[in-house]
Each structure stands twice: as C-alpha cells, then as structure tokens.
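Since the structure comes first, as structure tokens, the remarks are kept for the end.
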Amino acid sequence: MANKAVFGIAKSEPQAITIADTVKGGGPDEVIHIPAPGSALPAPGTELVAEIDWERRYRLMRMHTCLHLLCSVVPGAVTGGQVADRRGRLDFDVPGSSLDKEAIAQRLNALIAAGHPVGPCWITDEELAANPDLVRTMSVKPPSGTGRVRLMEIAGVDLQPCGGTHVRNTAEIGPVIVTKIESKGRQNRRVILAFAE
Ligand SMILES: [Zn+2]
C-alpha cells in the first residue's frame, strides 16, 4: 500500500486518495504528490491531510540505511541506486568479478548486528568542497548554496551527504541477503539486497 492523502468533502465522509508516487518540485522543500490513476480528485484549493503509511516508510528507512552499510562494504564509486519496498540496490564502478555475494552479505549482517548508531551532522558548503571524497555518488551531487549540507554518520562505518530517511541504529535493519550481483557494463556492478525475512 502506498502513502495516502486524506481529504474531506464532508467531515462525516472523509475520502482517501492513494498516492502512487512523489517527485521533487521546483523549490528545495517542494514535493509533488501524484495520485493513483483513477483517483477522485478534490477541488483545487482543498486542504488535505497527508498520512504516512508507517509500515512501508519504516521498511524504506531500514533498506535505505542498509545501502549506507553497503557503501562501506564495497569499495568504488557509486554510479546509481534505488530503494524500493523490501529491496534496494546500488551500482558500483568496480572492475571484473571481484564482488562476492556471500562475503558481502556476511559483512552487512555483522554491521547490522553490531548495532551502530546512525545520526545526522552538518557541515558548511566550504567544508564539503574541501572534502570531495565525502561524496560517494557520482551521479547525484548534494545540493549546495544553502550554506550547509547534511551528512549521515554511522560512526566509524560510513559518512556522506544524504537527505534520505534513516533508522537510528543499524540493528533496526534486521537480517538481509544479497539476492544478486549483476554486470551492468565492463566496470559496473549492481548489488541487489532484500530483507532475509
Ligand atoms: Zn541516507
């Protein structure tokens, strides 16, 4: 089930619109909610109450945080990635068949079980510019120009700019498996994760 926005035409008869997707709008804090096809839409200007599908959101937070751990386990720049419900993937710029499914899963699960705290810290645009190695993703540059950039820190494990949603401790992620490692070009390896249970 996707997120839902709830709106009321009559107070006694609230109707819910399932939100199929969200995309970035023009402004830095603007999010456009796209209703599922066929939804009955409220009149423009109607005030809505957005409701998060918490179970789904929490799964996304767990998997997203796990991708930070994957970053620390696999050397090489990240060329792409995606978080979906119950699974996630990152693409790495690494040559040959140097990646081992079982070894990666073992290291991930050890980091998860170790219960590392996860939390944000902030640096200035200048500090980020002076430390370009903090940016692991080649395709997505962190937004600059607001004066400061949010980093997510898993102490001693991973530190990088991120605006995503995270759990507070790696233990919350729970056991994961590496479902597949795919070759996506000569230097590109796609590592796909899923929850073990
Ligand atoms: Zn993140």
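The values are calculated or read from the model by the stated rules, or taken from the named source; none is laboratory data. What you are looking at is a predicted structure, and each value in this text was computed from that prediction instead of being measured. For neighbour counting, all protein chains shown are included, and Cβ atoms are generated from backbone atoms with ideal geometry for every residue, glycine included.
When Glu47 is tested against the conditions (1) more than 22 Å from the chain's Cα centre (by Cα); (2) charged (D, E, K, R); (3) modelled with pLDDT of 95 or more, the lone failure is (3). Among residues of the stretch 121-138 being in contact (Cβ under 8 Å) with a residue 40 or more places away in the chain and closer than 14 Å to Cys162 by Cβ, the one that is surrounded by the most Cβ atoms within 10 Å (Cβ to Cβ) is Arg136.
Among residues belonging to the stretch 117-150 that are at pLDDT 90 or above and within 11 Å of the ligand (Cβ to nearest atom), point out the one that is nearest to Met63 (Cα to Cα). Only one residue fits best here, namely Val118.
The set of residues in the stretch 98-119 that are surrounded by fewer than 14 Cβ atoms within 10 Å (Cβ to Cβ), polar (S, T, N, Q) and over 13 Å from Pro75 (Cα atoms) contains only Gln106. Restricting attention to the stretch 151-169, and to residues there that are surrounded by fewer than 16 Cβ atoms within 10 Å (Cβ to Cβ) and more than 9 Å from the ligand (Cβ to nearest atom), which single residue is modelled with the highest pLDDT? Among residues in the stretch 151-169 that are surrounded by fewer than 16 Cβ atoms within 10 Å (Cβ to Cβ) and more than 9 Å from the ligand (Cβ to nearest atom), the one modelled with the highest pLDDT is Arg168. Might you let me know whether the stretch 149-165 holds any residue that is in contact with a helix residue (DSSP H, G or I) (Cβ under 7 Å, 6 or more places away or on another chain), farther than 20 Å from Arg136 by Cα, touching a residue at least 24 places away in the same chain (Cβ under 8 Å) and part of a loop (DSSP other than H, G, I, E, B)? Among the residues of the stretch 149-165, not one is in contact with a helix residue (DSSP H, G or I) (Cβ under 7 Å, 6 or more places away or on another chain), farther than 20 Å from Arg136 by Cα, touching a residue at least 24 places away in the same chain (Cβ under 8 Å) and part of a loop (DSSP other than H, G, I, E, B), which makes the answer no.
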